[in-house]
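See structure below.
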DNA sequence: ATTAAAAATGCACTTTCGTTGCATTTGATA
DNA sequence: TATCAAATGCAACGAAAGTGCATTTTTAAT
């Protein structure tokens with residue numbers, strides 16, 4: 001409880017009640033969540049608030065946004081000490097076409113990529129689509 | 001002209017006037033295009049027709065759809081003899097955050113990815129975001 | 001403690017994109 | 001030339017992202 005408040009403050013995000021709840025929700029989820037998922041979990045809160053909370057979290061390095069190819073943005077908590085940097089922090093995401101869930105495979109970092117002359121990489125997104133461990137049995 | 005008709009027929013796609021035009025448009029573009037781009041180029045045609053043409057092209061291995069992380073689907077002609085298969089055909093895409101264009105780096109195939117036990121890969125999407133060659137000068 | 005300022009939240013609304021159903025037209029085939 | 005299937009055009013819908021503004025809450029200063 002108090003840890004979360006402290007954590008948010010460290011990240012320069014005001015620890016409002018709503019934000020603490022959203023943080024908790026993200027923390028208990030082991031998969032990436034869409035705005036709609038949070039909306040359903042917090043029926044009382046307005047979508048805009050949730051939307052802006054996620055944006056704030058993203059801007060302050062608390063969550064990373066995941067584009068899993070479904071066209072719907074997903075969000076997941078960043079790892080400890082993550083700066084969302086290529087080579088160091090960025091990891092593989094897996095989207096299951098059966099259960100439709102997206103997971104962070106944080107131990108699978110993104111391989112180094114050689115770009116042609118003149119190209120500058122700022123961000124890399126690697127998504128594998130297929131059948132996840134739960135659904136493949 | 002006649003080559004295109006033949007090509008489309010080979011791919012089991014009826015070479016209608018509209019489809020030939022769209023094919024030509026894609027062929028002359030060196031970047032991936034969005035539905036909206038084609039819409040603007042062919043003001044006379046209906047969006048639905050363009051949309052369905054792209055779908056038809058995609059289903060018949062003429063174009064591949066690209067998810068570049070902008071949330072807007074892009075399309076580009078497949079390489080010759082492409083079957084859109086992992087390890088063989090799938091390549092890197094680069095999205096420029098300056099000019100907003102997405103290019104196929106077809107010579108950069110997607111590296112082999114080891115997944116955890118139980119995961120089955122069906123498709124892989126690798127997008128690098130940054131500054132492209134044209135914009136970095 | 002009170003108040004002023006700033007930030008967060010809620011509400012209404014808009015835009016864009018993807019998508020579908022259905023009527024109409026075009027094109028291939030018998 | 002008649003017939004049937006495929007392609008096209010039109011209208012509309014739904015989901016999701018995003019914005020402007022009014023209101024409430026929180027912080028900070030007096």
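In nm, give the distance between the simple-model label positions of residue A:21 and residue A:135, each being 7 Å from the Cα along the Cα-to-Cβ direction. Reported label-point gap for residue A:21 and residue A:135 is 3.1 nm. Rounded to two decimals, the Cα-based Rg/Rh of region B:1-80, with Kirkwood Rh, is 0.93.
Checking a compactness column here: for region A:44-96, what do you get for Rg(Cα) / (2.2 N^0.38 Å), N being the number of residues?
On the way: Rg = 12.3 Å, N = 53, 2.2 N^0.38 = 9.9 Å.
Ratio of Cα Rg to 2.2 N^0.38 Å: 1.24.
Whole-percent P(r), region B:73-137, all Cα pairs, 5 Å bins from 0: 3, 15, 23, 22, 16, 12, 6, 2, 1, 0. Grouping the Cα pair distances of chain A into 5 Å bins from zero gives a pair-distance distribution of 2, 9, 18, 20, 19, 15, 9, 5, 2, 0, 0 percent in increasing distance order.
Label-point spacing for residue B:15 across the identical copies (point 7 Å from Cα in the Cβ direction), in nm and ascending order: 6.9.
Normalised by 2.2 N^0.38 Å, where N is the number of residues, the alpha-carbon radius of gyration of the protein assembly as shown equals 1.13. Listed by Cβ neighbour count within 10 Å, with the fewest neighbours leading, A:81, B:68 appear as A:81, B:68. Of all the options B:63, B:103, B:124, the one that moves most in a Gaussian network model of chain B with Cα springs shorter than 10 angstrom is B:124. The value of relative contact order for region B:2-130, using C-alpha pairs under 8 Å at least six residues apart, is 20 percent. Largest GNM mean-square fluctuation across B:35, B:105, B:115, computed for chain B with C-alpha springs under 10 Å, falls on B:115.
Just so you know, all these numbers are worked out from the coordinates, no wet-lab data involved. Note that the structure is a prediction, hence the values are computed from the model and not measured. Note that we place each Cβ from the backbone using ideal geometry, even for glycine, and neighbour counts take in every protein chain shown.
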